[in-house]
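Here's the structure, in structure tokens; my notes come after.
None of the figures in this text is laboratory data; all of them are computed from the coordinates on show. Since the structure is predicted, the reported quantities are computational estimates derived from the model, not experimental observations. Reconstructed Cβ throughout: ideal geometry from the backbone, glycine too, with neighbour counts over all protein chains shown.
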Amino acid sequence: MEGSTWCEFKGAATYADIVVQGQRIPRAAWWYETPTAGFEVLKDFLALYPGRVDEATVDGEVVQAQEGDFYGGWITSRVTGPFKGAPGTLGW
């Protein structure tokens, strides 16, 4: 495991490297071992930064990674913005 962060909504996130075709990708996955109240549904799920792999898809559609390196959003044609992560969006 490669560290942790704190989300004011979901609680402590734990990070790990992943290995794809023999290449280690640092802190590309995270999960919430003990999510805070209201976010219990996240327990036992693993999240992946789509921008840290060559390609990620949802139902055959290649996703666009959310801008910046903080958010792990998967943007598809079914998701409507605006999206945080770009310069100037921190204070939303």
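Observations, loosely collected:
- Treating r as the C-beta distance of Asp69 and Glu40 and R0 as 22 Å, the FRET efficiency rounds to 0.20.
- Pairwise label distance in nanometres, Thr76 with Ile25, each label 7 Å out on the Cα-Cβ vector: 1.7
- Relative intensity, log₁₀ I(q)/I(0), of region 6-84 from a Debye sum that treats every alpha carbon as a point, q = 0.11, 0.13, 0.14, 0.22 Å⁻¹: -0.32, -0.46, -0.53, -1.16
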